[in-house]
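Let me begin by presenting the structure, written as structure tokens, before commenting on it.
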Amino acid sequence: MTTKYIPFSKPQLEKIIEQYPTPFHIYDEKGIREYARKFTKAFSWNSGFKEYYAIKSAPNPYLMKIMREEGFGIDCSSYAELVIAEKLGMSGDEIMFTSNDTPAYEYKKAIELGAIINLDDISHIEYLEKNVGLPSLVCFRYNPGSLKEGNTIIGHPEEAKYGFTREQLFEGYQMLKDKGVTRFGLHTMVASNELDAAYFVETAQILFDLIVEIKQKVGIQIEFANLGGGIGIPYRPTEQPVDLDFMSQGIKKLYQEKIEANGLAPLRVYFESGRAMTGPFGYLVSTVLHIKKTYKQYAGLDSSMANLMRPALYGSYHHITVMGKEYEPLDQVYDVTGSLCENNDKFAINRKLPKVESGDIVVIHDTGAHGHAMGFNYNGKLRSAELLIRENGEVVQIRRAETLNDYFATLDFGGLSDFKV
Ligand SMILES: *Cc1c(COP(=O)(O)O)cnc(C)c1O
């Protein structure tokens, strides 16, 4: 069991709402820092260890600054994400550029920033060489195909669009070597929201074995193994977080057996985790607008899929707490909905909750990654603000809510307009 912790009391939340109306996402700095430190400590045996925070999960400079203070780099996959890194003053091996189907201008920006380039396909070697030029350090993304079982969100690796086949890896490293590239990395990402620590140990084994074979066959030494993201979080109270010590110790043992024993140390171990770093430390706070009783019972919120897409997109579970009713019996069943003209716009289906009333404040848990970031503007719904609770309890707004002027900014109404709700 995992207790669903909330970093504020109902009176504290009511005070926050006086200043920042619902809906909003709110992040807990203390929780983020504590997990970051735990993660880094688990891998302290590896001298070059680094986590590159997957910025797509919550692209906010305030959050990235916290990550950076904890020693993390940034994992980017688009021009906009590279610009975030640049604006934060990040460069060089602080940035991992793990993209796919990449346009030349994105590679160019990444190389200007000195980012580590992680190629998704063998054809990109020549594309990069021709359009931008090859940097001295290049990483390849490996897709193990049927060698590795997939999990539910990412699917089977052989069905996934990402990465090189095994044969292409050897061919690709040989090509790099022939073209004068001198430094090399290896990456894979075969999981998403995976809770089993053993899965990551197995992934490390696949990469470490390959690194030994690449040394034998191509005669190059890989500098780092990037195990990707995909570390799961316990969305359901019945689930357990990934056992970081089990994962780290399992990887350490393989490191000794395969990397050190073959004279291939030091090898830096990298992750580019997003979800685990901020997911559990973000909350979507909403107010109940309407209770509706037809063939089912509905609790309609003032937020929608525009603020949190995961339940509608993946059928994901997000725990819901009705503030002030934590200890009341869960004797009602609701579909918890948003207001989009889209029947999938539900945060929960057939959820057992206490009796909910209009005006209740509802907290949706684990929205700190792939939450606000995935939001869209369908039906003209605006994306909410993001708030941060500092370690001293102070609450700061780290992104304002969108306005109608933002929404209409790309349209031409044939004259000047100012839109207010
Ligand atoms: C999405 C993504 C991540 C982060 O995944 P999480 O599940 O949030 O840990 C890391 N690397 C790549 C290449 C990704 O696409």
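Computed values, structure above
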| read-out | value |
| --- | --- |
| GNM flexibility winner over the chain from 408, 24, 281 (Cα, springs under 10 Å) | 408 |
| Radius, Kirkwood style, for region 359-421 when every pair of distinct Cα atoms is counted (Å) | 14.4 Å |
| Highest-fluctuation residue, 13, 387, 404 considered, GNM on the chain with Cα pairs under 10 Å | 404 |
| Overall form of the chain per C-alpha gyration tensor (a/c, 1.5; a/b vs b/c) | prolate |
| Of all DSSP beta bridges in the chain, antiparallel share, percent nearest 5 | 40 percent |
| Reach of residue 258 by Cα under 21 Å, taken over lysines that are not fewer than 8 positions away in the same chain | 50, 148, 215, 217 |
| Aspartates and glutamates with Cα under 13 Å of residue 4, excluding same-chain neighbours fewer than 8 positions away | 239, 326, 366 |
| Aspartates and glutamates with Cα under 14 Å of residue 253, excluding same-chain neighbours fewer than 8 positions away | 202, 209, 245 |
| Local net charge near residue 74, Cβ-Cβ under 14 Å (Lys/Arg +1, Asp/Glu -1) | -3 |
| Choice from 89, 230, 145 showing the highest fluctuation, given a GNM over the chain with Cα pairs closer than 10 Å | 89 |
| Shape of region 30-158, Cα gyration tensor, a/c cut at 1.5 | oblate |
| Only Lys, Arg (+1) and Asp, Glu (-1) charged, at Cβ; the chain dipole about Cα centre in debye | 480 debye |
| For region 129-267, alpha-carbon Rg over 2.2 N^0.38 Å | 1.12 |
| Cubic angstrom per residue, convex hull over Cα atoms of region 181-244 | 76 Å³ |
| Relative contact order (%) - the chain, alpha-carbon pairs under 8 angstrom, separation at least six | 18 percent |
| Cα shape, region 281-408, gyration tensor, a/c 1.5 rule | oblate |
| Of 343, 182, 254, farthest towards positive along the dipole that unit charges on Lys, Arg, Asp, Glu beta carbons give the chain | 343 |
| Flagged links, alpha-carbon separation over 23 Å, of 108/179; 41/108; 161/346; 38/109; 15/346 | 41/108; 161/346; 38/109; 15/346 |
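Every number in this text was worked out from the coordinates using simple rules, so none of it is lab data. Keep in mind it's a predicted model, so treat the numbers as computed, not measured. Cβ coordinates were reconstructed from backbone atoms using ideal geometry, including for glycine residues, and neighbour counts include every protein chain displayed.
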